[in-house]
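Before any comments, here is the structure.
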Amino acid sequence: MTLMTVDLSPSKLLELVHQYYPVHLWMDADGYVESEQYQRLLRARREAMENSGTWKRLLSKLQDALPECSVEDWSVLFSDDNCWRARVYLPEVVQLEGGVEEFRAVVVLVSILAPVYVRYSSFRRRIRPRSWETPALFYEEVPETKPYADRVEALVRSELGVQPLPYETLFTQVPDIQCRNTSLGEARLIDCLFTDDRW
């Protein structure tokens, strides 16, 4: 099946995530870990880790294409995520009033459950040496990161054969699943397909 024939509609993606998460169960409930769905999810994560060569090649190509940036692999498939994760830090730290520093990054998440990715920009401010504000996340285009985001996305698409999901699809609710730190009834497709730990 080629990417062009894959149905990535919200309804099909909801069907997909239900193959990996038991419904109406909290993660600490009896039977959750033993469920067919959760065991399938663990297998998918193990298989992705065992076949990480393409992802590692992408990281290398990103660094080659953006030598002025810092490319970091933040993937944590061994625990709770369902995606590969890269942070591409822009070369300049923005100096704001009062000695505040703003670190800007383009973040890309590539799902291991479907041929899709999400890209967003993260602006995180350091108030003092060890004090950080919660980052501002931008899923739409922002001028400050667009030149870098365009290059990151071009490589992700060409190397991995994945496509982005529209904002409305990403934030479609999945009311009968508990996913990591989201409460039962609060999960969205972006949490289930990728991670709820976005910053």
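The values are calculated or read from the model by the stated rules, or taken from the named source; none is laboratory data. What you see is a predicted model, and the numbers here were worked out from it, not measured in a lab. Positions of Cβ are generated from backbone atoms using ideal geometry, with glycine treated the same way; all protein chains shown enter the neighbour counts. The accessibility values were calculated without ligands, DNA or RNA, using every heavy atom of the protein model including side chains. Shrake-Rupley method; radii C 1.70, N 1.55, O 1.52, S 1.80 Å.
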On the basis of being β-branched (Val, Ile, Thr), over 28 Å from residue 19 (Cβ atoms) and open to solvent by less than 60 Å² (accessible area, probe 1.4 Å), does residue 110 make the cut?
no
Subset of segment 178-195 (residues that are at pLDDT 95 or above, touching a helix residue (DSSP H, G or I) at 6+ places or on another chain (Cβ under 9 Å) and in a loop (DSSP other than H, G, I, E, B))
187, 194
Among the residues of segment 58-72, is any hydroxyl-bearing (Ser, Thr, Tyr) and within 21 Å of residue 109 (Cα to Cα)?
yes
Looking at residue 154, is it modelled with pLDDT of 95 or more and under 24 Å from residue 40 (Cβ atoms)?
no
Which one of the conditions (1) assigned to a helix (DSSP H, G or I); (2) over 21 Å from residue 150 (Cα atoms); (3) without any contact (Cβ under 8 Å) to a residue 40 or more places away in the chain does residue 77 fail to meet, given that it meets all the rest?
(1)
Only one of 71, 33, 93, 88 is among the β-branched types (Val, Ile, Thr) and touching a residue at least 24 places away in the same chain (Cβ under 8 Å), namely 88
Quick check: is even one residue across segment 56-68 in contact with a helix residue (DSSP H, G or I) (Cβ under 9 Å, 6 or more places away or on another chain) and open to solvent by 50 Å² or more (accessible area, probe 1.4 Å)?
yes
